[in-house]
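The next block holds one structure in the form of structure tokens; read it before the comments.
The values are calculated or read from the model by the stated rules, or taken from the named source; none is laboratory data. Everything numeric here is computed off the predicted structure, so don't read it as measured data. Ideal geometry is used to build each Cβ from the backbone, glycine not excepted, and the neighbour counts take in all protein chains shown. Ligands, DNA and RNA are stripped out before the accessible areas are found, and what is left, the full protein with its side chains, is counted by its heavy atoms. Shrake-Rupley method; radii C 1.70, N 1.55, O 1.52, S 1.80 Å.
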Amino acid sequence: AEPAYTFGYAGFEGGEGAGVIDTPPTCDAATFTGDAGSWPITCSGGSDDNYQFSYVAGTLTVAQKPVTISFTAANKVYTATTAATITGCSVAVIETGDVTTCSFGSATASFATAAVGNGKTVTGTGFTLAGADNANYTIQTVNTTTANITKATLTVTAQDKSITFDNVVPAKTVR
């Protein structure tokens with residue numbers, strides 16, 4: 001919602017104040033589109049028998065709305081690394097009618113530790129916003145998510161051995 005546009009006077013003579021003005025000026029930001037950014041505030045329309053008006057523009061500054069990113073990560077098999085794969089993301093609390101989505105093309109994620117476990121915390125970074133209205137928003141928070149690391153398969157293969165029969169048992173080795 002637009003704010004109430006106000007103004008102040010400077011230059012009254014003899015202790016006079018705003019109460020002596022015949023027709024006070026009004027101010028607005030006529031070019032304001034509702035988007036984040038800077039918009040000029042202009043005043044006009046004031047008149048008085050004793051004063052002429054010199055108008056100085058102001059600025060309406062509309063800050064980007066902070067938003068929170070949530071994401072999902074894939075479960076993986078143990079690799080001795082904390083690297084995680086992002087499978088999707090979403091952005092919360094976008095204003096009705098705005099087209100803004102989350103993009104994870106350049107984002108990265110990692111598990112808190114490389115160890116096997118269920119419900120392990122995954123953190124992500126590098127998310128961006130996309131869409132026609134993304135300039136109205138800024139990423140403030142990226143929620144963590146959870147995923148599982150399952151055990152890797154370790155193959156144990158007995159080594160082939162051959163002997164000539166003489167009741168000697170070969171040494172046992174595993175690789």
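Quick one: accessible area per residue over region 20-102, 1.4 Å probe, rounded to a whole number of Å²? Let's see the in-between values first.
Working: 4940 Å² over 83 residues.
Computed with neighbouring chains in place, this is 59 Å² per residue.
7 Å from Cα along Cα→Cβ at both S44 and V156: what's the point-to-point distance in nm?
Placing both labels 7 Å beyond Cα along the Cβ direction yields 8.8 nm.
Considering all projection directions equally, how large on average is the shadow of the alpha-carbon convex hull of region 58-154, in square nanometres?
On the way: hull surface 29.5 nm².
Mean shadow area of the hull around the Cα atoms is 7.4 nm².
Can you give the Rg to Rh ratio of the chain, both from alpha-carbon atoms, with Rh computed by the Kirkwood formula? Can you show the working numbers first?
Details: Rg = 34.1 Å, Rh = 22.9 Å.
Result for the chain is an Rg/Rh of 1.49.
Binning every alpha carbon pair distance of region 33-112 at 10 Å from zero, what are the percents per bin?
Bins of 10 Å from zero give 13, 25, 19, 15, 11, 8, 5, 2, 0 percent of pairs.
Once ligands and nucleic acids are excluded and a 1.4 Å probe is used, how much of V62 is accessible, expressed in Å² to the nearest 10?
40 Å²
Take the chain, connect every pair of alpha-carbon atoms lying under 10 Å apart with a spring to form a Gaussian network, then pick out the residue of G126, G88, G97 with the largest mean-square fluctuation.
G97
Pairs of Cα atoms under 8 Å, at least six residues apart: use those to get the relative contact order of region 29-133, whole percent. Write down the numbers at each step before the final one.
Numbers: 173 pairs, mean separation 21.0, N = 105.
Reported as a whole number, the value is 20 percent.
On the accessible surface of the chain, probed at 1.4 Å, how many percent belong to carbon and sulfur atoms?
Working: 6090 of 11650 Å².
Solvent-exposed carbon and sulfur of the chain make up 52 percent of the total.
Any idea how many Lys pairs in region 42-175 come in under 25 angstrom at the alpha carbon, given 8 or more places apart or on separate chains? List each step's numbers first, then the result.
Working: K76/K120; K76/K151; K120/K151; K161/K172.
The number of close lysine pairs in region 42-175 is 4.
Could you give each residue of region 46-55 its phi-based ³J(HN,Hα) in whole Hz, using Karplus coefficients 6.51, -1.76, 1.60 with θ = phi - 60°, and x for Gly or Pro?
x, 8, 7, 5, 10, 10, 9, 9, 10, 9
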